[in-house]
Amino acid sequence: LELSERKRESLEELARMQQNLGHARSVLSAQQKFAKTIHVHEAVPVGALIEDLASINQDVLGREVSFETAFPTGLVLTTDRHKVLQILVNLVRNACWATRAGEAGGGTVRLVVTEQGERVCFEVRDQGVGIDPSELDLVFRHGFTRRRDGHGFGLHSSANTAVALGGELVGSSEGLGRGACFTLKLPREVPDA
């Protein structure tokens with residue numbers, strides 16, 4: 001019986017490692033592709049962007065975590081589609097992890113897109129483990145992570161990419177156990193660098 005339990009734990013750990021390796025490969029592949037395509041600005045329908053986002057994240061969305069979206073129909077950005085997707089993929093994956101790691105072990109990740117003047121805001125909200133208020137200033141620092149299997153470069157890289165796109169990435173939480181919200185604020189049209 002003890003051997004069966006160890007085998008089950010080993011198989012679960014192997015599955016987690018394979019998932020993390022797959023995520024690391026996709027991040028590295030995306031970064032290499034993006035490094036070759038600097039300043040590729042195009043008209044990007046927000047609806048198509050969200051479809052791509054859901055497709056890319058299908059491995060982390062599922063029975064434990066539902067994904068809800070709300071966005072204005074017909075909204076189009078002129079931006080670097082791949083860089084925006086890179087940021088949103090990271091935010092949704094982090095939200096899924098936080099939601100599964102929460103006390104209930106599941107819940108909803110919600111993406112709401114709103115127009116605010118000449119800016120478009122992508123708000124990714126989860127019902128997960130939350131963030132201690134004393135750590136809110138640290139979450140964007142390179143190497144900072146609370147995840148055992150985390151790398152500490154996802155939010156740092158995402159924040160830098162947001163600035164490169166003429167926007168910003170901000171985070172908020174009401175505290176531990178109360179979920180978190182990360183908002184990507186982008187101009188409707190990314191200025192040429």
(message) Projecting each Cα onto the charge dipole of the chain (Lys/Arg +1, Asp/Glu -1 at the beta carbon, about the Cα centre), which of Gly152, Leu136, Ser4 comes out farthest on the positive side?
(response) Ser4
(request) Using a 1.4 Å probe over the heavy atoms of the protein chains, calculate the carbon and sulfur portion of the accessible area of the range 40-143 as a whole percent. (result) 47 percent
(message) On C-alpha positions alone, give me the angle between the axis of helix 2-36 and the longest principal axis of the chain, in degrees, nearest 10.
(response) 20 degrees
(message) If you fit an axis through the alpha-carbon atoms of helix 81-101 and take the longest principal axis of the Cα set of the chain, what angle between them do you get, 0 to 90°, nearest 10?
(response) 30 degrees
(request) Calculate the dipole size of the range 50-191 relative to its Cα centre from +1 charges on Lys and Arg beta carbons and -1 charges on Asp and Glu beta carbons; express the result in debye to the nearest 20. (result) 220 debye
(request) Taking only protein heavy atoms into account and a 1.4 Å probe, give the accessible area per residue of the range 58-193 in Å². (result) 50 Å²
(message) About the Cα centre, and with charges only on the beta carbon of Lys, Arg (+1) and Asp, Glu (-1), how big is the dipole of the range 133-193? Nearest 20 debye, please.
(response) 240 debye
(request) Before rounding to the nearest 500, sum -39500 (n - 2.57) across all DSSP H runs of length at least 4 in the chain and divide by the residue total; then give [θ] at 222 nm in deg cm²/dmol. (result) -14000 deg cm²/dmol
(request) Would you work out which of Leu61, Val84, Ala104 lies farthest towards the positive end of the dipole of the range 59-110, given +1 charges on the beta-carbon of Lys and Arg and -1 on that of Asp and Glu, about the Cα centre? (result) Val84
(request) Give the relative contact order (percent, whole number) for the chain; include only Cα pairs under 8 Å separated by 6+ residues. (result) 20 percent
(request) Let me know the volume per residue of the alpha-carbon convex hull for the range 121-193, in Å³. (result) 84 Å³
(message) With the crude spin-label approximation of a point 7 Å out along Cα→Cβ, what separation in nm comes out for Leu136 versus Thr78?
(response) 3.5 nm
(request) Could you work out how far helix 154-164 tilts from the main Cα principal axis of the chain, as a 0 to 90 degree angle to the nearest 10? (result) 0 degrees
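The values are calculated or read from the model by the stated rules, or taken from the named source; none is laboratory data. A quick note: this is a predicted structure, and the numbers were derived from the prediction, not measured. Here Cβ is always computed from backbone atoms with ideal geometry, including for glycine, and neighbour counts include all displayed protein chains. The accessibility values were calculated without ligands, DNA or RNA, using every heavy atom of the protein model including side chains. Shrake-Rupley method; radii C 1.70, N 1.55, O 1.52, S 1.80 Å.
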